[in-house]
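What follows is calculated from the coordinates using simple rules that are stated; it is not laboratory data. Values in this document were obtained by computation on a predicted structure and should not be read as measured data. Note: ideal-geometry Cβ built from the backbone for every residue, glycine included; neighbour counts use all protein chains shown.
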Amino acid sequence: MPKRPTDHPADAASARNSSPASKPVLPPSPDTPTALLGNLTPSQFMRRYWQKKPLLIRQAIPDVEAPLSRDAFFELADRDEVEARLITHLRNKWQLEHGPFAPDELPSVKQRAWTLLVQGVDLYDDRARALLDRFRFVPDARLDDLMISYASDGGGVGPHFDSYDVFLLQVKGKRRWRISSQKDLTLQAGLPLKVLQNFEPEEEWLLEPGDMLYLPPHIAHDGIAEGECMTCSIGFRAPSASELTAQFLYHLAERGESAGNRGTLYRDPQQPAVERPAELPAALVERVGAILAAVKWKEQDIASFLGSYLSEPKPTVVFDPPHKPLSEARFIAQASKLGLRLDRKTNLLYNRRFFFVNGEEMSLNGTKKWLFDLANHRCMSAKRFVTLSHDSSMTARLHEWYRAGWIQVGELA
């Protein structure tokens, strides 16, 4: 996957359309020690720490720099499709506002104790996407987004806990973190954001650029900026059981796969006339219960649901098709010279029988030889493309994705 370069976009346009800037590389292999994890291998980290206990990593990414400059970050927060929040804590009072924010709507950088949060920065900047990709030793199906927090001196969001795993990477300035494994997760009432009522810190560290803190779910934490700072939060998806249940049942119903009940309408030919029309008929409850009890599913139904659901782009995502798309022949010629890559917004997952791209399920049908590499590397070299270009079904599919804006011609250089 691509490494993040050290330069910044000069203006909003470059932040919106930042060009690729480094050779794609994969995350470390499961058994290769890496500074990112304090010289643990990903296998060791997942076994010892993942969803178990916190880990402080000094200089996880030496010489790190923020994916966006401060000005570019502020301009990103002014876009309608971007999820941005402004949090202030003045005179012991918390305030929360939702964006977009015009530049003159943000407090002065000299004002103390305010924080600007922007979700999904990886969707809008290649460097942020490259930074997120460093964490792909966790399955893509679990990887969510990269959020950036900008804070003035004293800024923070209060002591809180997350319901998901998070890596907190310091990319500019300093932030002091206090954490606790406390069981009391009661929240203060009447606040616009979730702040713990009885935070009792157990450990404390000052993080500088390159330092990173991993926290499993439900570890209480509080980060306070010491001077101006920026922190990248790499978060992971953790849908609730109720969300998964509801979405899965909807998936089954949408496909009409409810085990023999496809197209069956409710019938009650033995329903008698009633004196109490508002009373729910017991026979109706019994009949619908029988219908629901007959709903069956197979393992492949679950895999199909998860692949489609977890590859579905977020509601705000809009792909940008090429303004003047190349013909298929020209596309093949260009990709043979330059290679191609997935758009930073594209989600591509697969299992043994199907692949799932941006919420769509498709049969593999002989595409394994190239699609697995494309999904895992998120790019295809020109040399690799040439060796496969005789496969007309592959080139036709990739050209279709190119026209939709799902892939881009050209490797990361």
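Cross-link partners of Lys368 among aspartates and glutamates, defined as those whose alpha carbon lies under 16 angstrom from its own and excluding same-chain residues fewer than eight positions apart: Asp391. Counting only aspartates and glutamates at least 8 places from Lys296 when in the same chain, those with an alpha carbon closer than 16 Å to its own are Glu254, Glu257.
The distance linking region 169-214 with region 338-413 is 41 Å (Cα centroid to Cα centroid, whole angstrom). Taking other residues whose beta carbon is less than 9 angstrom from the beta carbon of His160, and scoring Lys, Arg as +1 and Asp, Glu as -1, yields -1. Electrostatic tally near Leu185: other residues with Cβ closer than 14 Å to its Cβ, Lys and Arg +1, Asp and Glu -1, net -2. Here each label is just a point 7 Å from Cα along the line to Cβ, and for Leu244 and Ser29 those points are 3.1 nm apart. Counting only residues at least eight positions apart within a chain, or on another chain, the lysines with an alpha carbon under 30 Å from that of Lys194 are Lys52, Lys53, Lys93, Lys110, Lys172, Lys174, Lys183, Lys314, Lys345.
Percent relative contact order of the chain, based on C-alpha pairs within less than 8 angstrom and at least six residues apart? Don't skip to the answer; put the middle values down first.
Working: 790 pairs, mean separation 64.6, N = 413.
Dividing the mean separation by the residue count of the chain yields 16 percent.
Please say if region 12-236 is rounded, prolate or oblate, where rounded means a/c under 1.5 for a ≥ b ≥ c the square roots of the C-alpha gyration tensor eigenvalues, and otherwise the choice is prolate for a/b larger than b/c and oblate otherwise? Please report the intermediate quantities before stating the final value.
Details: a/c = 1.77, a/b = 1.11, b/c = 1.60.
Judged from the Cα gyration tensor, region 12-236 comes out oblate (a/c at least 1.5, b/c at or above a/b).
Considering all C-alpha pairs of the chain, those separated by over 43 Å amount to 22%. Legend: calculated FRET efficiency, His323 to Lys383, from the Cβ-Cβ distance at R0 = 25 Å, rounded to 0.05, equals 0.35.
Just want to confirm a number: the relative contact order over region 12-236, from Cα pairs under 8 angstrom separated by 6+ residues, in percent.
Once normalised by length, the contact order is 24 percent.
For Ala290, neighbours were defined as the other residues whose beta-carbon sits under 14 Å from its Cβ, and their charges (Lys and Arg +1, Asp and Glu -1) total +1. For the peptides 197-210, 108-121, residues were scored by their other Cβ atoms within 10 Å and the scores averaged per peptide; the highest-first order is 108-121, 197-210. In this simple spin-label model, placing a label point 7 Å from the Cα along the Cα-to-Cβ direction at both Ala290 and Arg91 gives a separation of 6.8 nm.
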